[in-house]
Amino acid sequence: DHHYVVRGRYQWRCKACSHTFSVTSGTPFADHKIGYRKLVMAIFAFLINQKGLAALQLRRIIGGQYRTAFTLLHKIREAVMLNASRAQLSGTVEIDGGHFSGKIRKGRKKVKVADKDKTQIPKKYSQHRSKLPADFLHHPNRRIVMVLREIDPAPGLGAVRTITAICKMENTTNAEALVQQWVKKQSLIRTDEWTAYGNLKLMGYTHETVNHSVEFSSDTGINQNQAESFFSRMRRSVIGVYHRISPKYMIDYACEMAWREDHRRLSTADQFASLVKQVFAAGVSPDWWQ
């Protein structure tokens, strides 16, 4: 209850117990040696890069070592993930799964087609989900990013909330578990015609599908454009910024992209205020404390 300023250190000290504390005590930035100005620069740089921010790029902005920038970015992602809403989605919800990481490389040589002067990728390297699991090889790092997006009832505003999850297969067990956990009963769910979603009507949901082998949107307007929009942003981040995402940190990057999608219509000032509030409300990082 009584404290005084420690001059030259931007800290305070309690007169009763001699405990020293600062504005970052009890936050993800506790015990950091980075100056406050650089911390603010890091948050702002994270914010304004719509496709994500690589640790090497942040290192060039604030200086220091690569591992410092890497840890700092993951603390921000962790804060976003921990402070995400846990309420169920309702209304119209689009669900889809996307394949990420672990893509098997093409062969060293291409195979000649017998009756044409063309080349094709060797059959064992081709990936198509209509094949049986035993027939095509998955890289051990391959994962499915599942996305569930609640659509704004007002026309033209897109999605308002995004939930992501990581699983190894887009199968019935994983799809139904996610729907039961995150989607309210009686909601309208839109998916493609993948068999994993075949029982949703029996679970108390209205289910509409679009056949992507024929069309992107049905004549009646059924589509998954908002789910595909999320995957578009995440794939651009992987290809153009991160280049590779391992399964260990994939949920962190997926939650980051979900936050960017959900806050895309806010001004930069409002996005910054929201991000700072989430970061400083997260407490000391459970996974990235040092």
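The values are calculated or read from the model by the stated rules, or taken from the named source; none is laboratory data. Please read these numbers as outputs of a predicted model, since none were measured by experiment. When we count neighbours, we look across all protein chains shown, and the Cβ atoms used for this are built from the backbone with ideal geometry, even at glycine. These accessible areas exclude ligands, DNA and RNA; they are computed on the full protein's heavy atoms, side chains included. Shrake-Rupley method; radii C 1.70, N 1.55, O 1.52, S 1.80 Å.
Search region 177-203 for residues that are in contact (Cβ under 8 Å) with a residue 24 or more places away in the chain and aliphatic (A, V, I, L, M) and pair each with any residue that is loosely packed, with under 12 Cβ neighbours inside 10 Å and outside any loop (DSSP other than H, G, I, E, B) when their beta-carbon atoms are under 7 Å apart and the residues are at least 6 apart or on different chains.
Cβ pairs passing all conditions: none.
Taking region 218-235, which residues are open to solvent by less than 50 Å² (accessible area, probe 1.4 Å), over 20 Å from Ile166 (Cα atoms) and out of contact with any Ser or Thr (no Cβ under 6 Å at 6 or more places or on another chain)? Quick ask: steps written out before the conclusion?
First, pick out the residues of region 218-235 that are open to solvent by less than 50 Å² (accessible area, probe 1.4 Å): 218, 221-224, 226-227, 229-231, 233-234.
Filter once more, so that each one left must be over 20 Å from Ile166 (Cα atoms): 218, 221-223.
Residues satisfying the conditions are Ser218, Gly221, Ile222.
What do you reckon, is Val238 surrounded by fewer than 20 Cβ atoms within 10 Å (Cβ to Cβ), among the β-branched types (Val, Ile, Thr) and in contact with a strand residue (DSSP E or B) (Cβ under 9 Å, 6 or more places away or on another chain)? So that I can check it myself, show each step before the final result.
On the way: surrounded by fewer than 20 Cβ atoms within 10 Å (Cβ to Cβ): yes; among the β-branched types (Val, Ile, Thr): yes; in contact with a strand residue (DSSP E or B) (Cβ under 9 Å, 6 or more places away or on another chain): yes.
So Val238 fits the description; yes.
Quickly run through region 175-195 and pick out the residues that are modelled with pLDDT of 95 or more and in a helix (DSSP H, G or I).
Correct list: Ala175, Glu176, Ala177, Leu178, Val179, Gln180, Gln181, Trp182.
Output the qualifying pairs, or none if there are none: Cβ atoms under 6 angstrom, residues six or more apart or on different chains, first residue in region 250-278 and touching a residue at least 12 places away in the same chain (Cβ under 8 Å) and over 20 Å from Arg235 (Cα atoms), second residue open to solvent by less than 50 Å² (accessible area, probe 1.4 Å) and not in a helix (DSSP H, G or I).
As it stands, the answer is Gln271/His263, since those pairs meet every condition given.
Mind checking which residues of region 11-32 are more than 29 Å from the chain's Cα centre (by Cα), of a type in the set (Phe, Trp, Tyr) and under 24 Å from Ala79 (Cα atoms)?
Phe21
Taking region 204-223, which residues are outside any strand (DSSP E or B) and closer than 21 Å to Lys185 by Cβ? Steps first, answer last, please.
From region 204-223, those outside any strand (DSSP E or B) are 204-205, 211-216, 218-222; that's our starting set.
Of everything in region 204-223, those that are outside any strand (DSSP E or B) and closer than 21 Å to Lys185 by Cβ turn out to be Gly204, Tyr205, Ile222.
Restricting region 244-267 to residues that are open to solvent by 70 Å² or more (accessible area, probe 1.4 Å) and over 17 Å from the mean Cα position of the chain (by Cα), which is nearest to Val147 (Cα to Cα)?
So, considering only residues that are open to solvent by 70 Å² or more (accessible area, probe 1.4 Å) and over 17 Å from the mean Cα position of the chain (by Cα), the one nearest to Val147 (Cα to Cα) is Arg265.
Of the numbered conditions (1) within 21 Å of Gln278 (Cα to Cα); (2) basic (Lys, Arg); (3) at pLDDT 95 or above, Arg37 satisfies every one except a single condition; which is it?
So the condition that Arg37 fails would be (3).
I need the full set of residues from region 176-217 which are among the hydroxyl-bearing types (Ser, Thr, Tyr) and crowded, with 18+ Cβ neighbours inside 10 Å, in order please.
Residues of region 176-217 that are among the hydroxyl-bearing types (Ser, Thr, Tyr), as a first pass: 187, 191, 195, 197, 205-206, 209, 213, 217.
Selection gives Ser187, Thr191, Tyr197, Tyr205.
Quick one: is Met146 farther than 18 Å from Ala258 by Cβ, at pLDDT 90 or above and not in a helix (DSSP H, G or I)? Walk me through how you get there before you give the answer.
Working: farther than 18 Å from Ala258 by Cβ: no; at pLDDT 90 or above: yes; not in a helix (DSSP H, G or I): yes.
Answer is no for this residue.
Across region 11-31, what is the total count of residues that are in a loop (DSSP other than H, G, I, E, B), of a type in the set (A, V, I, L, M, F, W, C) and under 16 Å from Val284 (Cβ atoms)? Before you say what the answer is, go through the steps one by one.
Here is the first cut: in region 11-31, the residues in a loop (DSSP other than H, G, I, E, B) are 15-19, 22-31.
Still in the running and of a type in the set (A, V, I, L, M, F, W, C): 16-17, 23, 29-30.
After this cut, where a residue has to be under 16 Å from Val284 (Cβ atoms) as well, the list is 23, 29-30.
The qualifying residues number 3.
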